[in-house]
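Bear in mind these aren't lab numbers, they're just calculated from the coordinates by the rules spelled out. These figures come from a predicted structure and were not determined experimentally. We place every Cβ from the backbone using ideal geometry, glycine too, and count neighbours over all the protein chains shown.
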Amino acid sequence: MGLYSKHIFPRLMEGGLKSDLHRRYRRRVLSRAKGEVLEVGFGTGLNLECYPASVRRVTGIDPAAVLERRVRARIARAPFPVERMIHDAANRLPFPDEHFDTVTSTWTLCSIERLGDALGELRRVLRPSGEFLFLEHGRNEKGWVSRLQDTLNPIQNRIACGCNINRKIDTEIEHGGFRIIELDRFAMPGVPRALGSVYLGVAGQESGTRPAVPERAPP
Ligand SMILES: C[S@@+](CC[C@H](N)C(=O)[O-])C[C@H]1O[C@@H](n2cnc3c(N)ncnc32)[C@H](O)[C@@H]1O
């Protein structure tokens with residue numbers, strides 16, 4: 001890991017993801033979390049303060065360990081045990097089938113290189129009745145924005161350590177074998193459309209139809 005990806009980018013990333021608005025979205029999506037939780041893309045532990053009392057334990061996986069002091073302080077403050085593992089979600093996860101009640105991902109599916117493999121593993125370790133809670137940015141439906149996203153993506157990928165801004169997150173989740181149960185699509189206020197097209201929702205294991213949801217404009 002170079003100086004930029006170990007020290008500079010993590011600070012920029014954290015600075016961009018810890019506003020009150022981000023926290024409000026985190027709380028909203030994580031409000032359904034319960035029991036044994038697997039968090040993919042644990043990052044610097046910003047979600048820990050946003051989990052509800054129904055959570056028994058959080059296991060966080062991430063291939064990178066950055067800003068260690070802050071992360072340790074957040075783990076120490078959590079009201080439940082937190083286990084952290086350095087692990088790429090696209091590789092086989094060291095957990096038995098159907099182990100977790102909830103899987104969570106916030107602003108992470110954009111960065112996972114072999115996303116299909118990772119989603120397959122997340123499904124494997126989630127109980128049949130469990131829920132996958134996601135809060136992500138991704139592809140905008142508007143033609144000109146998505147074209148801009150395709151144009152800017154190679155640059156974003158480079159400067160943001162593997163982040164893609166043009167993934168159609170709901171389709172990716174479905175291709176991974178999940179069923180979308182709830183989905184909210186909105187533009188994050190104050191964020192350029194190319195970066196702030198949000199997918200917030202819940203996916204489950206069972207098959208079925210899903211709601212068609214257009215993106216809402218910022219309030
Ligand atoms: C934009 S950060 C978001 C961090 C955190 N989820 C949050 O909401 O603050 C994306 C995270 O995904 C992690 N990541 C990238 N590739 C991954 C992979 N293959 N498996 C698990 N996590 C991954 C990165 O290391 C980084 O911590």
| request: Quick one: work out the % antiparallel among DSSP beta bridges in the chain, nearest 5. | output: 40
| query | Sorted by mean Cβ packing within 10 Å, highest first, what order do the peptides 7-13, 133-139 take? | reply | 133-139, 7-13
| request: With a cut-off of 15 Å, note down the residues of segment 170-192 whose backbone N falls inside the zone around a label point 7 Å from the Cα of Ile159 toward its beta carbon. | output: 192
| Once a ≥ b ≥ c are taken as the square roots of the eigenvalues of the Cα gyration tensor of segment 84-176, is the result rounded (a/c under 1.5), prolate (a/b larger than b/c) or oblate (a/b not larger than b/c)? | prolate
| task | Calculate, in nm to one decimal, what Ala78 and Lys142 gain on full extension: separation in residues at 0.36 nm each, minus their alpha carbon distance. | result | 19.0 nm
| note | In the neighbourhood of Leu12 defined by beta carbon distances under 13 Å, the net charge of the other residues (Lys, Arg +1; Asp, Glu -1) is +2
| said: Below 8 Å between Cα atoms, with a sequence gap of 6+, how large is the relative contact order for the chain in percent? | reply: 17
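If the chain between Asp150 and Arg124 were fully stretched, how many nm would it gain, using 0.36 nm times the residue separation less the Cα-Cα distance?
6.2 nm
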